[in-house]
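Since the structure comes first, as structure tokens, the remarks are kept for the end.
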Amino acid sequence: MEHTTFGRTGLKVSKLGLGGAPIGGDFGRSDESEIERVIHEALDLGINFIDTAPLYGRGKSEERIGRALAGTRRHDVVLATKAVRSDLSYDYQSTMQSVEDSLTRLRTDWIDLLQLHDVESQPPQLILNETIPALLKLREQGKIRYLGVTTRNLPLLKMYMETGVFDAIQFYARYMLLDFSARREILPLAKELNLGVINGSILGMGLLADAPAAFLGEAIIQEAASRMEQLSWLRQSEPRGLIEPAMRFSLSQPDIHVSLTGTASLSSLRTNAAYCDGAGMREEDLSRIYELFHNVPSLFP
């Protein structure tokens, strides 16, 4: 398992992180006993970064992770969660309560990285005047160590990065084989500011695993199929043959510190962990991918 330094935080993190949405059951029914085994095996494989949120399973993901880490294993991980929920207000009191509730569900006294979840769902003035002051207060109290911000909206993400408040960023479906728009401005700026960078949905919400999420529209699926056809030389002989190149595409990007693998399956976890071996992606393949989709619009709006 490869490890790296998470921006200016100085935290040592595994380049592969465990994403918490499937652990909460957001992508189908999940087996409680296997989930606990997945979390423990992830740690045994050297994965020390776990990312979750109150939104995932309406708290169930945090509860399951907290149960699995209870006791000595909490000290083995860099634990990241989010505030608030995108269907709730991000006012000062709601933000404070969200973090307190997360601490309870996670069975911990502190959160290593607290991220503002999907900031595009809230007015910037509310976040600047109420949400951020709440997080700064919680950090002052020692309940959170570092602050992050998440969104798929890259211009909005850039604006929050430039406030100087945040130690880390997380985007999703913005650096993957079919859409690497984060490469243009966001990754260079994050490097300049020395921010930790987390890459989510590196399989494009299931598209690169030949299993698109049910909520994706037909237009996106068709456009993705067209782009995937242009990547046919990367396909392996086994089914769902773009998973390995998709994983290596993110893992080999030096300016991405953590690539998230969201899974509630032991077999999937083991397969994905095997790709974090430092082999990366061949330079000729990487150059060809960049040339193919350099000027195409983002796949997801």
Scan the stretch 244-293 residue by residue and report those that are basic (Lys, Arg) and modelled with pLDDT of 90 or more. Arg248, Arg270, Arg288
Look at Pro301 and say whether it is surrounded by 15 or more Cβ atoms within 10 Å (Cβ to Cβ) and without any contact (Cβ under 8 Å) to a residue 24 or more places away in the chain. no
For the stretch 63-97 the number of residues that are out of contact with any Ser or Thr (no Cβ under 6 Å at 6 or more places or on another chain) and either part of a strand (DSSP E or B) or of a type in the set (Val, Ile, Thr) (or both) is 6
Any residue at all in the stretch 204-221 that is within 30 Å of Thr163 (Cβ to Cβ) and in a loop (DSSP other than H, G, I, E, B)? yes
Find all pairs meeting these conditions: Cβ atoms under 6 angstrom apart; at least six residues apart or on different chains; first residue within the stretch 184-200 and surrounded by 14 or more Cβ atoms within 10 Å (Cβ to Cβ); second residue assigned to a helix (DSSP H, G or I) and of a type in the set (Val, Ile, Thr). Gly196/Thr9
Matching residues in the stretch 142-176 (under 23 Å from Ala246 (Cα atoms), surrounded by fewer than 19 Cβ atoms within 10 Å (Cβ to Cβ) and basic (Lys, Arg)) number 0
Can you go through Arg139, Arg107, Arg145, Arg152 and tell me which one is touching a Phe, Trp or Tyr at 6+ places or on another chain (Cβ under 7 Å), modelled with pLDDT of 95 or more and among the basic types (Lys, Arg)? Arg145
Selection within the stretch 1-53 - within 17 Å of Gly262 (Cβ to Cβ) and basic (Lys, Arg): Lys15, Arg29, Arg37
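The values are calculated or read from the model by the stated rules, or taken from the named source; none is laboratory data. Since this is a predicted model, take the numbers as computed values, not measurements. With ideal geometry, Cβ positions are generated from the backbone for all residues, glycine too; neighbour counts draw on all protein chains shown.
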